[in-house]
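Structure record follows, encoded as structure tokens.
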Amino acid sequence: MRLVILDDYELASEWAAKYIRNRIIQFQPSADRYFTLGLPTGSTPYGCYQKLIEYHRSGDISFKYVKTFNMDEYVGLPRAHSQSYHSYMWNNFFKHTDIDPANAHILDGNAADLEAECQAYEHKIAEAGGIELFVGGIGPDGHIAFNEPGSSLVSRTRVKTLAKDTIVANARFFSNDLSKVPTMALTVGVGTVMDAKEVMILITGAHKAFALYKAIEEGVNHMWTVSAFQQHPRTIFVCDEDATLELRVKTVKYFKGLMHVHNKLVDPVLSMKDQ
């Protein structure tokens, strides 16, 4: 497990974007060999997406041979709704890149048979050869995707009832009207993400500090589902300084002492122009 600590949100976002860029370019995707990327939504990955768009516009990276699978989607929210995760992904990332829309997979929260939709999603991931790199974010209660506290750590893609804390946290996106916030979602499971060859989790802000503490310094616990990734052979937590506020001083010092090693993952930053 790696913990990469950057000074602020902007630097954490840039580091994550460089890492994704390097992993895709190193993979050398082609029409016969797609790079498969798992993606989150929310405020945390926004800066990373903006940097990836910047890299695409400068000709340093292409998403032509990339397949993406998003973590989750609300149940019952129209796809065109401004707060649907379809809208988020297209407005904040996909439409600014050269990804083929057929290769951008997002769960359908309006499917006639939600259970069948979840099973089909797992099948699509398997058909694509599994996820090379799953990028995720977490909530203040340590949930990843919509795997709320108490979720099984071997769970698969399924319908999930959202915790009250999550509904309250998401109310800001719905004019702070709790009655407008969806109460159910489709989400990949903890086990689904654990199956990825590599996982990178973005954690920024002081309000996520206790969750990072639970993820790093305490044991695996289904009440803090992000803690499961201690057991993944290739997990990278990318955080800013504020997110480390609950960690022990010696923990922070230890991981900061490894930054010269971690930075070799993004320096030099690779470019398609050089291939």
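The values are calculated or read from the model by the stated rules, or taken from the named source; none is laboratory data. Computed from a predicted model, the values in this text were never measured in an experiment. Cβ atoms come from the backbone with ideal geometry, glycine included; neighbour counts cover every protein chain shown. Just so you know, the surface numbers come from the protein's heavy atoms only, side chains and all, with ligands and any DNA or RNA stripped out. Shrake-Rupley method; radii C 1.70, N 1.55, O 1.52, S 1.80 Å.
Using the Karplus relation 6.51 cos²θ - 1.76 cosθ + 1.60 with θ = phi - 60°, the per-residue 3J(HN,Hα) values for region 98-109 come to 9, 5, 6, x, 5, 9, 9, 9, 9, 4, 9, x Hz, with x marking Gly and Pro.
Close amide H contacts of Val238 (hydrogens built in the peptide plane, cut-off under 5 Å, sequence separation of 5 or more or a different chain): Val4, Ile201, Leu202, Ile203. Relative contact order of the chain: 27 percent, from C-alpha pairs under 8 Å at least 6 residues apart in sequence. Checking the cross-link pairs Lys64/Lys273; Lys95/Lys160; Lys95/Lys180; Lys51/Lys95; Lys67/Lys164; Lys124/Lys164 against a 21 Å limit on the alpha carbon distance flags Lys95/Lys160; Lys95/Lys180; Lys67/Lys164; Lys124/Lys164 as lying beyond it. The protection proxy used here, the mean number of other Cβ atoms lying within 10 Å of each residue, ranks peptides 134-147, 239-252 as follows, highest first: 134-147, 239-252.
Carbon and sulfur together cover what percent of the accessible area of the chain at a 1.4 Å probe radius? Roughly 51 percent of what the probe reaches on the chain is carbon or sulfur. Note on Ala31 and Leu245: the model spin-label points, each 7 Å out from Cα along the C-beta direction, lie 5.3 nm apart. Calculated [222 nm] ellipticity per residue, helices only, for the chain: -9000 deg cm²/dmol; basis is -39500 (n - 2.57) per DSSP H run with n ≥ 4, divided by all residues, nearest 500.
Accessible area per residue for the chain, computed on protein heavy atoms with a 1.4 Å probe, is 43 Å².
With the highest mean first, a sort of the peptides 231-238, 217-224 on other beta-carbon atoms found within 10 angstrom per residue produces 231-238, 217-224. Using only the C-alpha atoms, the convex hull of region 2-265 corresponds to 120 Å³ per residue. Relative to one another, the C-alpha centroids of region 213-236 and region 36-59 are positioned 24 Å apart.
Think of region 2-265 as having a plus end and a minus end, set by charges on the Cβ of Lys, Arg, Asp and Glu; of Ala80, Ser175, Gly137, Gly137 sits farthest toward the positive end of this dipole. Between the amide H of Phe134 and those of Gly38, Glu198, Val199, Met200, distances stay under 5 Å, these residues lying 5 or more places away or on another chain, with hydrogens modeled in the peptide plane. Dividing the convex hull volume of the alpha carbon atoms of region 149-257 by its residue count gives 109 Å³ per residue.
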